[in-house]
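The values are calculated or read from the model by the stated rules, or taken from the named source; none is laboratory data. This is a predicted model, so every value here is computed, not measured. Note that we place each Cβ from the backbone using ideal geometry, even for glycine, and neighbour counts take in every protein chain shown.
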Amino acid sequence: MADAAPLLRGAVVISLPDRHHDDEDGRQAADDAGSRRGRTLRRRAAVSLMVLAAFALAGHCYSPEVAARLFGEERKWSDGGAASFLLPLYPKKAGGVKAAAAEGSTAVLPQRQYYTSINIGNPARPYFLDIDTGTDLTWIQCDAPCANCTKGPHPLYKPAEENMVHPRDSLCQELQGNQNYCDTCKQCEYEIAYADRSSSAGVLARDNMRLMAADGGRENLDVVFGCAYDQQGKLLDSPASTDGVLGLSNGAISLPTQLANQGIISNVFGHCITADPRSSGYMFLGDDYVPRWGMTWVPIRNGPENVYSTEVQKVNYGGQELNVRRQAGKLTQVIFDSGSSYTYFPREIYRSLIASLEDVSPGFVQDESDQTLPFCMKPNFPVRSVDDVKELFKPLQLQFRKRWFVIPRTFTISPESYLTISDKGNVCLGVLDGTEIGHSSTIIIGDASVSGKLVVYDNDKNQIGWVQSDCTRPHKESRVPSFLSSALRSQLL
């Protein structure tokens, strides 16, 4: 058995301090505590001001919405919030369309457009649609019956009588404008003409569109679109890889505006096209995938055409400025058009660019026999891909007005995005003369030039933005960077 612990004996002495000294010590402790609290509050206030200044510098404001995101309070539809939807992007199969070349010959331009898949109808069926930021109306080929339709990847959409939109519908009147075709008709007719002289005609229909929400769920949405039964021009090129067009302009009948007017999304959307034309990308409707930091934003010019346009101050090839036309104090207009495969420059800028490229190396000679694109150069060494020659060329830079007169805003087109290699092994310029398509004083930014970038069209704030991206996976963005979120949490809670 273990030894028992010894019994402890002793006394507890309680000492009471002098009351006078106790009061002084208490006051001193209170003063010290107050001083510490004051220093802490001042320090927190300073940090908070620095954090809010960082918000202002980045062009954002600290708002109740930001606070809700910071402290874990997500927006809800019932509170006036909005959803976001994800759509995949796919490159169209390699092909070509004929276009007028600079010297009057005929060039075959390889297509680089992208399309998405959307389910329409009840029951929902898939349709492949070209994404087009320059078009108001979404339309699909339709058996109404069809007068001129090409064979697409899916059967023609078959509308029910109750799906027809009445001529007095506000969206019909918005689309037709002052041209009221038939007051006594029971359906709304339309016709759309495109820059390549093709056209689509049909009637408006209203039906379910099924989209995948950001949380993984699927929503059935009520939308108006074109039931197209008469296509003309290049829209009849066969075989076709798509069933119609997804209209993404800022017009009232475009898909983003329709969904925004119903309170379903913010009037914001974006697309991200991978630099590799064989790879896919993505697009989204709503603002949950918009990066809150690192974006370059420029204002959208208001105009009657519902296109996404802004104004550029300079166009540079490397450090060399190309000519930019200024008429009556107006800057050159720039239109972002995902419906265009290539980028178009006004003729004087286009010719200045060609002159700059001809000086790139004495070993490059223009090959007029190559009809891949209007301007192709034959190198004096074998070329298999753009990677073999990109170091010999310089980036194109569109320079916009500086933000707050000090922060530069530049849209950069790398050589990989404006050059292509022909079947002959020639280096061809993927920038074309805009005069050939009726844009003598406008820059058109097409698919090839936005590859490797996330481009966002914010109709709520009337601005266009972009940031470099590999476009492989969409990320649901936080409203604030993690370091600012942590700082605000620690200082404000």
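Selection over the range 349-371 of residues that are of a type in the set (D, E, K, R), at pLDDT below 90 and surrounded by 14 or more Cβ atoms within 10 Å (Cβ to Cβ) gives a count of 1. When the test is whether a residue is within 20 Å of Leu129 (Cβ to Cβ) and touching a helix residue (DSSP H, G or I) at 6+ places or on another chain (Cβ under 7 Å), Leu259 does not pass it. Checked against the criteria, Val455 counts as hydrophobic (A, V, I, L, M, F, W, C) and under 28 Å from Gly247 (Cβ atoms). Screening Ser254 on (1) in contact with a strand residue (DSSP E or B) (Cβ under 6 Å, 6 or more places away or on another chain); (2) modelled with pLDDT under 95 shows it passes everything except condition (2).
Considering only the range 248-302, state which residues are assigned to a loop (DSSP other than H, G, I, E, B), of a type in the set (Val, Ile, Thr) and within 23 Å of Pro91 (Cβ to Cβ). Scanning the range 248-302 gives a single hit, Thr274. Residues of the range 437-475 that are of a type in the set (D, E, K, R) and either on the phi > 0 side of the Ramachandran plot or touching a Lys or Arg at 6+ places or on another chain (Cβ under 9 Å) (or both): Asp447 alone.
Applying the condition of being β-branched (Val, Ile, Thr) and surrounded by fewer than 16 Cβ atoms within 10 Å (Cβ to Cβ) to the range 105-126 and asking which residue is modelled with the highest pLDDT yields Val108. The requirement of being modelled with pLDDT under 95 and part of a strand (DSSP E or B) is satisfied by Ile192.
Scanning the range 447-461 for residues that are out of contact with any Leu (no Cβ under 9 Å at 6 or more places or on another chain) and outside any helix (DSSP H, G or I) returns Ser451, Gly452, Lys453, Leu454, Val455, Val456, Asp458, Asn459, Asp460, Lys461.
Quick one: in the range 146-175, which of the residues that are out of contact with any Cys (no Cβ under 9 Å at 6 or more places or on another chain) and not in a loop (DSSP other than H, G, I, E, B) is nearest to Lys92 (Cα to Cα)? Result: Asn148.
Pro239 falls short on exactly one of the conditions (1) at pLDDT below 95; (2) under 20 Å from Tyr90 (Cα atoms); (3) in a strand (DSSP E or B), and that condition is (3). Looking at Asp243, Asp230, just one residue is assigned by TED's automatic domain parsing to the domain that holds Ala124, of a type in the set (Asp, Glu) and surrounded by fewer than 20 Cβ atoms within 10 Å (Cβ to Cβ), and that residue is Asp230. Considering the range 196-209, and only residues there that are more than 15 Å from Leu137 (Cβ to Cβ) and either in contact with a helix residue (DSSP H, G or I) (Cβ under 8 Å, 6 or more places away or on another chain) or free of Cβ contacts under 8 Å to residues at least 60 places away in the same chain (or both), the residue that is surrounded by the fewest Cβ atoms within 10 Å (Cβ to Cβ) turns out to be Arg197. Which ones in the range 379-431 are assigned to a strand (DSSP E or B), surrounded by 14 or more Cβ atoms within 10 Å (Cβ to Cβ) and of a type in the set (D, E, K, R)? Across the range 379-431, the qualifying residues are Arg401, Arg409. Based on what the data block shows, is Pro277 buried (at least 17 other Cβ atoms within 10 Å of the Cβ) and at pLDDT below 85? Answer is yes for this residue. Residue count for the range 422-478, restricted to those that are of a type in the set (Lys, Arg) and over 15 Å from the mean Cα position of the chain (by Cα): 1. Only one of the numbered conditions (1) of a type in the set (Lys, Arg); (2) closer than 20 Å to Trp139 by Cα; (3) part of a loop (DSSP other than H, G, I, E, B) is violated by Lys234, and that is (3). When the range 352-378 is filtered for residues that are touching a Phe, Trp or Tyr at 6+ places or on another chain (Cβ under 9 Å) and part of a helix (DSSP H, G or I), the ones remaining, listed by number, are Ser352, Leu353, Ile354, Ser356, Leu357, Glu358.
Right, Tyr190: touching a residue at least 24 places away in the same chain (Cβ under 8 Å), farther than 16 Å from Phe128 by Cα, buried (at least 20 other Cβ atoms within 10 Å of the Cβ) and of a type in the set (Phe, Trp, Tyr) or not? Answer is yes for this residue.
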